[in-house]
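Chemist: One structure is given below, represented as structure tokens, and several questions about it will come after.
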Amino acid sequence: MEMACKNARDEVERTTTKEEHQNKLLELFGSMLGLEDTPRRFESYDISNTGSADIVASMVVFQDGKPLKSAHRRFRLRDMDGPDDYASLDQVLTRRFQRYLDGDEKFAPLPDVILMDGGLGQVHVAVQVMERMGLSVPVFGMVKDDRHRTRALVAPDGREIGIQQNQSIFALVGRVQEEVHRFAITYHRESHAKSTVASSLETIPGVGEARRKALMKHFKTMKAIRAASYEELCQVVPKPTALAVWQRFHPAEDVTEGDTTKEE
């Protein structure tokens, strides 16, 4: 019993010490940024694309220094003629803050500070969007060095705030940047894979969005669709469509006589 009580006290002390350390770290961070209140909720944004296709953006949220993954959000960019990070950020931030103004609880509350992945240009885009929408949230950019490592934060007025002298602050900013990159790249890969599947299937005569979804729901992967027999495809889509799909992935082969009879 005495050992159990001692373990419980030690655990409480460790937890309290950790919480106190985190609070002091956030207070210091707010002081470095010149904020009146301690920043507890951060948001960060990143754009990921391959050319003009599959342009996506990620929004990650940190609460008390830790990723709040339930609040992370993903955006697919609309009506973009090509890669343009500034235009992409403008669209994403406008959509994000409009959702807040519309009362969408998934986009509330506003963050205490926004950390943009990028420099002064990205910061100015964020500031302009909020001014246009009548909002005010402090914005800073995470500036990288020649080795692609974060070296400082930049304020809207161009003032740089060094963070490398404090390892705890440096590590905190690094975690934010790593999380927003991870989330953006993961979403981009998923989006690109889905669009590749859609384009490869929907170019086949008789395969529209509904039949593509039916094929993917049944077979799960493109590899399984390519490996499927004509009879297996017939279980999911009409026979003419099944034949077209089978022939797309087996151009050098002919269906067997049994298959042809079924088709007829």
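The values are calculated or read from the model by the stated rules, or taken from the named source; none is laboratory data. Everything numeric in this text was worked out from a predicted model, so none of it was measured. Here the Cβ positions follow ideal geometry from the backbone for every residue, glycine too, while neighbour counts run over all protein chains shown. SASA here: full protein model, heavy atoms, side chains in, ligands and nucleic acids out. Shrake-Rupley method; radii C 1.70, N 1.55, O 1.52, S 1.80 Å.
Chemist: Enter the accessible area per residue of segment 33-159 (Å², integer; probe 1.4 Å; all protein chains in place).
Modeler: With the other protein chains kept in place, segment 33-159 gives 48 Å² per residue.
Chemist: Just to verify a number: FRET efficiency for Asp64 and Arg147, C-beta to C-beta distance, R0 = 30 Å, to 0.05?
Modeler: Values: r = 30 Å, r/R0 = 0.99.
So the FRET efficiency works out to roughly 0.50.
Chemist: In sequence order, what are the phi-derived ³J(HN,Hα) couplings for segment 61-73 according to the Karplus relation 6.51 cos²θ - 1.76 cosθ + 1.60 with θ = phi - 60°, rounded to whole Hz, with x for glycine and proline?
Modeler: My calculation for segment 61-73 gives 10, 10, 10, 6, x, 10, x, 9, 5, 5, 9, 4, 9 Hz in order.
Chemist: Can you flag which of Lys106/Lys144; Lys106/Lys223; Lys213/Lys239; Lys66/Lys217; Lys66/Lys144; Lys66/Lys213 are past 28 Å Cα-Cα?
Modeler: Lys106/Lys144; Lys106/Lys223; Lys66/Lys217; Lys66/Lys213
Chemist: When the Debye formula is applied to the Cα atoms of segment 208-250, each taken as the same point scatterer, what base-10 log of I(q)/I(0) results at q = 0.17 Å⁻¹?
Modeler: Per q value, in the given order, log10 I(q)/I(0) is -0.35.
Chemist: Amide H neighbours of His72 under 5 Å, at least 5 residues apart or on other chains, H built in the peptide plane: list them.
Modeler: For His72, the qualifying residues are Val61.
Chemist: So, one more: Mind giving me the FRET efficiency for Lys217 and Gln247? R0 is 30 Å, r the Cβ-Cβ distance, nearest 0.05 is fine. Don't skip to the end; give the middle numbers.
Modeler: Working: r = 22 Å, r/R0 = 0.73.
Given R0 = 30 Å and the Cβ-Cβ separation, E is 0.85.
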